[in-house]
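A quick write-up on the structure given underneath.
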Amino acid sequence: MSQLHVIDHPMIQHKLTIMRKKETGSKDFRELLKEISLLMGYEVTRDIPLESVEIETPLCKMTGKMVSGRKLAVVPILRAGMGMVEGLLELVPVARVGHIGLYRNEETHLPVVYYCKLPEDIQKRTVIVTDPMLATGGSASDALTMLKERGCKHIRLMCLVGAPEGIAKVQAEHPDVDIYLASVDDHLNENAYIVPGLGDAGDRIFGTK
């Protein structure tokens, strides 16, 4: 069964509360999302393997630790997932970035795929899938399926807030994928929006409606 990691660091909770406020504008919303993504990235990458390397400090030679082995890829689910990429790239500048385009049919609430562009060696990388909202879990689950069909075996899902319904769906359909959240919210409303949530993350990031 996949692990659910709720990263409730005080600074993340503080920034998330500001993001939730309806009066927070797009500029501040984007900056806060980037900052939270960077902070969450520390936990999402906590178990990346290290190797010992010989270096020389100004005083002496020593054995230090550096990241080794499998490289990282960040794959945002368009369009809102893009808001989390910059923070992760500040933490891991050498990560490759792919894109998966999904949108939700407002009548059926099911995801529709319109774009997929991934690094050629995606199957050799640890993949972090980003999307601020884990609502029904449909888009996230479909994105994870697409990645697995392309040979990916080491995938993590990183979202800002999640509803119990979406968490349950991803865990049921992808029991090998760990989920990282800053908050587990209460429920989905009749329009499949997360409550209390923070509204439509894509609209708030890009200033659209």
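The values are calculated or read from the model by the stated rules, or taken from the named source; none is laboratory data. Since the model is a prediction, treat every value here as computed from it, not as a measurement. FYI the Cβ positions are ideal-geometry reconstructions off the backbone, even for glycines, and counts take in every protein chain you see. Surface areas here come from the heavy atoms of the whole protein model, side chains and all, with no ligands, DNA or RNA. Shrake-Rupley method; radii C 1.70, N 1.55, O 1.52, S 1.80 Å.
Against the chain, whose longest principal axis comes from its Cα atoms, helix 138-149 is set at around 40 degrees.
Antiparallel beta bridges, as assigned by DSSP with both residues in the chain, represent about 40 percent of the total such bridges. Solvent-accessible area assigned to carbon and sulfur over segment 98-209 amounts to 51 percent, based on a 1.4 Å probe.
Taking the centroid of alpha carbons for each part, segment 2-43 and segment 67-119 are 17 Å apart.
A 1.4 Å probe run over the chain, with the rest of the protein chains in place, finds 53 Å² accessible per residue.
Loop sites here are GluC sites (Glu not before Pro) outside DSSP states H, G, I, E and B with no more than 11 other Cβ atoms within 10 Å. The longest part of the chain free of them is 24-105. Seen against the Cα atoms of the chain and their longest principal axis, helix 26-44 is set at about 50 degrees.
Give me the percent of the accessible area of segment 18-89 that comes from carbon and sulfur atoms, probe 1.4 Å, all protein chains in place. Whole-percent figure for carbon plus sulfur exposure: 56. Computed from Cα positions, the angle between helix 164-173 and the longest principal axis of the chain comes to roughly 60 degrees.
In straight-distance terms, cross-link reach from K124 covers every one of the aspartates and glutamates whose alpha-carbon lies under 19 Å from its own, apart from those fewer than eight places away in the same chain; here that gives D47, E51, E149, D176, D178. For segment 1-103, the relative contact order works out to 24 percent when only alpha carbon pairs closer than 8 Å and six or more residues apart are counted.
Looking at segment 77-118, the DSSP beta bridges with both ends there are about 75 percent antiparallel. Per residue, the convex hull spanned by the Cα atoms of the chain amounts to 133 cubic angstrom. Between Y115 and R20, full extension at 0.36 nm per residue minus the direct alpha carbon distance yields a gain of 31.3 nm.
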